[in-house]
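This is the structure I have questions about; it appears just below.
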């Protein structure tokens, strides 16, 4: 039509309805999101992909991926020989956090009309999840020497990856705070969980440095 942008990919325009669909059996692609919309957990109307809810749980997804880089770094180190004792259990802890972040994302992605269908620890953050982080945080802080000032990330590859994850988690927390202000966070423990997790990942980065006999670089030159 005159004056209207044609968004149809050129290759699609040439495809006949009789041609076989190469994605007919795809378990990933549905094409439903080609209009810029996405679905919510437990149904309801579709939302725009730049909706604040999609932005929030998408940021959580970024954090999961960034933590995956940190975990992969541990795997690479273990391929070269036994990990230092201080790093030995870190991979399992990171994997636990990654899995718990899927619970966070589910809660953020839930259809408000179906909030009563959310289940603690599965699709809604529980108090037990927050308590679990606090227990790990307390133990970890007691096992390392804590810096007394701001630090500059980058002392080791592992600690740097953890710092990237931490900053993404803080962004996820900011997005979740905005949603909570709009009445779009179902449970009362999601915000405390994200806040506590960012603290824990910061401490993990310090533990990673010290586990490799390195020390955090202070923000001010001495």
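All of the numbers you see were taken from the coordinates with simple rules; none came from a lab. Because the structure is a prediction, the values reported are computed rather than measured. We place every Cβ from the backbone using ideal geometry, glycine too, and count neighbours over all the protein chains shown.
What shape does the chain take by its C-alpha gyration tensor, where a ≥ b ≥ c are the square roots of the eigenvalues and a/c under 1.5 counts as rounded, a/b above b/c as prolate, and the rest as oblate?
Here the chain falls in the prolate category.
Could you work out how much longer the chain between residue 116 and residue 167 gets when fully extended? Use 0.36 nm per residue separation minus the Cα distance between them, nm to one decimal.
On the way: separation 51, 0.36 × 51 = 18.36 nm, distance 3.16 nm.
Extending this stretch completely gives an extra 15.2 nm.
Would you calculate a helix-derived [θ] at 222 nm for the chain, using -39,500 (n - 2.57) for each DSSP H run of n ≥ 4 and dividing by the full residue count, to the nearest 500?
Result for the chain, helices only: -17500 deg cm²/dmol.
Turning to a different aspect of this structure: With r defined as the distance between the Cβ atoms of residue 31 and residue 178 and R0 fixed at 41 Å, what FRET efficiency is calculated, to the nearest 0.05?
0.85
Restricting to Cα pairs below 8 Å that are 6+ residues apart, what does the relative contact order work out to for the chain? Please round to a whole percent.
Computed value for the chain: 25 percent relative contact order.
Provide the packing ranking of 187-194, 91-98, i.e. peptides ordered by the mean count of other C-beta atoms within 10 Å per residue, highest first. Before the final figure, lay out each step's value.
Values: 187-194: 19.4, 91-98: 16.9.
Most protected by this proxy first, the peptides run 187-194, 91-98.
Using a 7 Å offset from the Cα along the Cα-to-Cβ direction at both residue 78 and residue 143, what is the distance between the two label points in nm, to one decimal?
In this crude spin-label approximation the distance works out to 1.5 nm.
Quick check: from the Cα gyration tensor, does the range 127-183 come out rounded (a/c under 1.5), prolate or oblate?
Oblate is the answer for the range 127-183, as a/c is 1.5 or above yet b/c matches or exceeds a/b.
If you don't mind, there's one more thing I want to ask. Find how much the distance from residue 49 to residue 150 grows on full extension, using 0.36 nm per residue of separation minus their present alpha carbon separation; answer in nm with one decimal.
That works out to 32.8 nm of additional length.
Between residue 213 and residue 21, what length comes free when the chain is fully extended (0.36 nm per residue of separation minus the Cα-Cα distance, one decimal in nm)?
Taking residue 213 through residue 21 to full extension adds about 63.5 nm, to one decimal.
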